[in-house]
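The values are calculated or read from the model by the stated rules, or taken from the named source; none is laboratory data. Just so you know, these numbers come straight off a predicted model, no measurement behind them. Ideal geometry is used to build each Cβ from the backbone, glycine not excepted, and the neighbour counts take in all protein chains shown. Just so you know, the surface numbers come from the protein's heavy atoms only, side chains and all, with ligands and any DNA or RNA stripped out. Shrake-Rupley method; radii C 1.70, N 1.55, O 1.52, S 1.80 Å.
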Amino acid sequence: MSRACSATALSGRRPDAAVRIENRPPAEGINSSTDNPLKELAWLLGGSLAAVIALVFAVSLAAQWIAPRTPYKYEARLAASLPPIATAPDTDQGRAVQRELQALADRLAARMQLPAGMQVRVGYSDSKTVNAFATLGGQTVFFRGLLARLGSEDELAMVMAHEMAHLQHRHASAALGRGVAVGVVLSVVSAELGRGAAAGVLSQAGLATTLSFTRDQERAADEAALAVLAREYGHLGGATDLFRTMANLPGADSAAPQVELLRTHPLTRTRLLAIEEWARRNDVPLDGARRPLPSTIAALQGT
Amino acid sequence: MAELIQLGIFLALLTVGYFAGSMIERRHYASIRKREREYRDVLAFMVRFPFDRTTPQRAFLVHGTVVVGADYFKTFVAGLRNLFGGRFRSYETLMERARREALLRLKAEARRKGSKMVVCVRFETTTIASGWAPAMEVFAYGTALVPDDGSLSLPEPRKGVSRLLGDGLVRPPA
């Protein structure tokens, strides 16, 4: 250190007022930090991720709550702008099966409180997938693979009532609203990511087979379906038959990919118990006379 | 797939930014500390007037200027920091290095011109780029002093014009 390089006066007129001047090396670690910047990155990333997750969660809950409460006409308008989903193969058999399914849906609709303006349209798909689904605009689709395994109209009515309950509760709207809202939030974080998420949801709405419902929504649909079944048939035989049929499907344990219904609707023991509990609570018999399947649908047996 | 590629590019840039930035920073600090020892006999002060106003001095402007740029890692961390607030640690070291470097360059110029004393040192910064590649200019300037040995012949001032003497005092024309 060069100390006191000049010991002359601060003021030229007062040489006695001496000042010792020196330059010292700058103190380290005051104006800058020696912390590892990776630590800071980890904290900041963790914090922002937590914030985004919390926001996405909150927005998705809010959207899921709001979407089913918007007037149905908006959902209908959106569905009308997409290619129709509830279609049937353009064959005599396809049209006949669709007619029978539509007739059953219309009968059950009279026993449900569907949103004003909702016209349930049932489609039929000649595919071995064991599934049925409900989607935007009052549309629902049944696959041959499912129809071919049903033993009575009661079982079919249970599936139909379950899907129609999804329509009644606007679950497709909720799922779509949730997806779009999450996409919008993500677009704030990353335009690309958000656009991808929103576009993904909307294109899925176009195909509409992949709108996923929550466990609560499935439970609500089950309960509503049981009420319809009780009113239409006077017993819940269709529900218990359906779940036993499904549980006994080959590959039911591993939930084989073609058995979509099992993957999306886990057939747990608790679900059967819930049926029995519901029957007890509402004083509805669990068993009764089954009605046969309409002949066109019965003809699909084993195909 | 496109998202994965984007994420990959982003992570690669972040990694390159971190390792390159850390290495450059380490080397720069080492170089700064070494030169600060070398230039410790050139004194720089913020005072407006020379300490020694009894010896005739020659005074001239010296300056040092540095342009620093942040690496991808620093910019990303600072971007996240923007959400939460607090110390922008990643930029603090950057700006500290820039100021110390600018002062060293000022001292280098002063020494080359024979001065061991610079007063009235000031710093200025200018943003020259922002966004994903922020860069700043740090500019240090000051008045270097050299004891006047009389070898420099000052031109006679014109009549009525003040004569600026090396001691920084303006005296009326004789």
In the range B:45-54, is there at least one residue being among the charged types (D, E, K, R), at the interface with chain A (Cβ under 9 Å from one of its Cβ atoms), assigned to a helix (DSSP H, G or I) and in contact (Cβ under 8 Å) with a residue 40 or more places away in the chain? no
Can you find a residue that is away from chain A (no Cβ under 11 Å), within 18 Å of A:L44 (Cα to Cα) and either touching a Pro at 6+ places or on another chain (Cβ under 9 Å) or assigned to a strand (DSSP E or B) (or both) anywhere in the range B:73-89? yes
Inside the range A:47-74, can you point out the residues that are open to solvent by less than 50 Å² (accessible area, probe 1.4 Å) and more than 20 Å from A:D216 (Cβ to Cβ)? A:G47, A:S48, A:V52, A:Y72
Here's a check for you: in the range B:103-131, which residue that is open to solvent by 40 Å² or more (accessible area, probe 1.4 Å) and polar (S, T, N, Q) is nearest to B:R37 (Cα to Cα)? B:T125
Restricting the search to the range B:44-76, which residues are of a type in the set (D, E, K, R) and either on the phi > 0 side of the Ramachandran plot or open to solvent by less than 50 Å² (accessible area, probe 1.4 Å) (or both)? B:D52, B:D71, B:K74
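For the condition aliphatic (A, V, I, L, M) and at pLDDT 90 or above, what is the one hit in A:L186, A:L176, A:L156?
Working: A:L186 fails: at pLDDT 90 or above; A:L176 fails: at pLDDT 90 or above.
After applying the criteria, what remains is A:L156.
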For residues that are without any contact (Cβ under 8 Å) to a residue 60 or more places away in the chain and more than 8 Å from chain B (Cβ to nearest Cβ), scanning just the range A:37-56, find the one that is farthest from the chain's Cα centre (by Cα). A:K39
Do we have A:P26 as within 30 Å of B:R35 (Cα to Cα) and touching a helix residue (DSSP H, G or I) at 6+ places or on another chain (Cβ under 9 Å) here? yes
Give me the strands (runs of 3 or more DSSP E) completely within the range A:83-194, filtered to those with at least 1 residues that are among the small types (G, A, S), ordered by residue number. A:121-125, A:132-135
